[in-house]
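Input: a single structure, listed below in structure tokens.
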Amino acid sequence: MLDAVFHLVDNGIKWRAMLAVFPAWDQVYAFFRRWRDGALVTELHHRLRGRVRERAGRNRWSRGSPGHSLRSGDRAVRRALSQARASVLRDTHVAPTWEKARMAKLIYMFNVSLDGYIADADGNFDWAVPDEEYYSFINDVLRPVGTYLYGRRLYDMMAVWETDPSIAGQSPGAREFAGIWQAADKVVYSRTLESASTTRTRIERDFDPEAVRRLKASSERDLTVGGAALAAHAIAAGLVDEYHLFVGPAVLGGGKPFLPDGARLRFELLDERRLTSGVVYLRYHTQP
């Protein structure tokens, strides 16, 4: 689809006519942003917007009137994109065919120290204290996720986001995080947990890679895997599609590592962001 649009742009179609042919630019951008497919977001945003801006600038300069500049071209593009947004709001959304065919991703996401640990030698996670900026960002990252896969210990830690209202009441960002967490399905892998303390939760006694593959294939939203031991099983089975690291400005000197011993993986960097707290978000896609 994108290549067809770029073909029209590259072969001389004027930017206004292009937007008329393809009025739902913002709709498609929002779709890819919602599903967090960063490579396609980058391609769509830079290739399409860059070429539209270039053509808009050339068209305006060609008129020969004073004040024709790239800034003028940018204003024209902003007007056109604003019109596209209005058009999308008026129209009823119809899910594209590729949305239905998309397989959900399994994401391994965690706070990680500079030396690669998620917990210190005593098993504590309190070295990573979230602030409002962190909550705002991770809430956007987690919003497309529909299912969390947990080991027993991490599930017990996370369950407070539903069972203890005072935790969610700490800040607006924490309250939003709690709502997102409660709305997702949870699968807990444990041989000792008798019953779940949260809603939308089921217990599995063993981690079955084939069952997770089927879950990915049937899910409309992404999944995350939490807990180093559980993630190690998913990594060994080749199930993890993306790794999201929130690298904190701390060295723990030992503890529970983010990656299992002996893991050899190759990645493509899809996204990165630096937070004012010193935390750096890195998003990687697994390469064969």
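Go through the stretch 248-265 and give me each residue that's of a type in the set (A, V, I, L, M, F, W, C) and under 24 Å from Pro288 (Cα atoms).
Phe258, Leu259, Ala263, Leu265 - these are the residues of the stretch 248-265 that are of a type in the set (A, V, I, L, M, F, W, C) and under 24 Å from Pro288 (Cα atoms).
Here are some conditions: (1) buried (at least 17 other Cβ atoms within 10 Å of the Cβ); (2) in contact with a Leu (Cβ under 8 Å, 6 or more places away or on another chain); (3) not β-branched (Val, Ile, Thr). Leu265 meets all but one. Which one does it not meet?
Leu265 satisfies all of (1) buried (at least 17 other Cβ atoms within 10 Å of the Cβ); (2) in contact with a Leu (Cβ under 8 Å, 6 or more places away or on another chain); (3) not β-branched (Val, Ile, Thr) except (1).
Go through the residues of the stretch 211-228 one by one and say whether even a single one is in a helix (DSSP H, G or I), within 22 Å of Asp271 (Cα to Cα) and touching a strand residue (DSSP E or B) at 6+ places or on another chain (Cβ under 7 Å).
Checked the stretch 211-228: no residue is in a helix (DSSP H, G or I), within 22 Å of Asp271 (Cα to Cα) and touching a strand residue (DSSP E or B) at 6+ places or on another chain (Cβ under 7 Å).
List every residue pair whose Cβ atoms lie under 8 Å apart, where the two residues are 6 or more positions apart in sequence or sit on different chains, the first residue falls within the stretch 161-175 and is touching a residue at least 24 places away in the same chain (Cβ under 8 Å), and the second residue, located anywhere, is among the hydrophobic types (A, V, I, L, M, F, W, C).
If the second residue must be among the hydrophobic types (A, V, I, L, M, F, W, C), the pairs left are Glu162/Ala178; Glu162/Trp181; Ala174/Ile167; Ala174/Ala168.
Condition test on Ser136, is it surrounded by fewer than 16 Cβ atoms within 10 Å (Cβ to Cβ) and within 15 Å of the chain's Cα centre (by Cα)?
Judged against the criteria, Ser136 is a match.
When only residues in the stretch 166-210 that are part of a strand (DSSP E or B) and either in contact with a Gly (Cβ under 7 Å, 6 or more places away or on another chain) or not assigned by TED's automatic domain parsing to the domain that holds Val240 (or both) count, which is farthest from Asn139 (Cα to Cα)?
Ranking the candidates gives Tyr189 first.
How many of the residues in the stretch 229-275 are farther than 18 Å from Ala119 by Cβ, assigned to a loop (DSSP other than H, G, I, E, B) and touching a Ser or Thr at 6+ places or on another chain (Cβ under 9 Å)?
Qualifying residue count for the region: 4.
Name every residue in the stretch 123-145 that is small (Gly, Ala, Ser) and part of a helix (DSSP H, G or I), in order of residue number.
Ser136
The values are calculated or read from the model by the stated rules, or taken from the named source; none is laboratory data. Worth saying up front: this structure is predicted, and the values here are computed from it rather than measured. Note: ideal-geometry Cβ built from the backbone for every residue, glycine included; neighbour counts use all protein chains shown.
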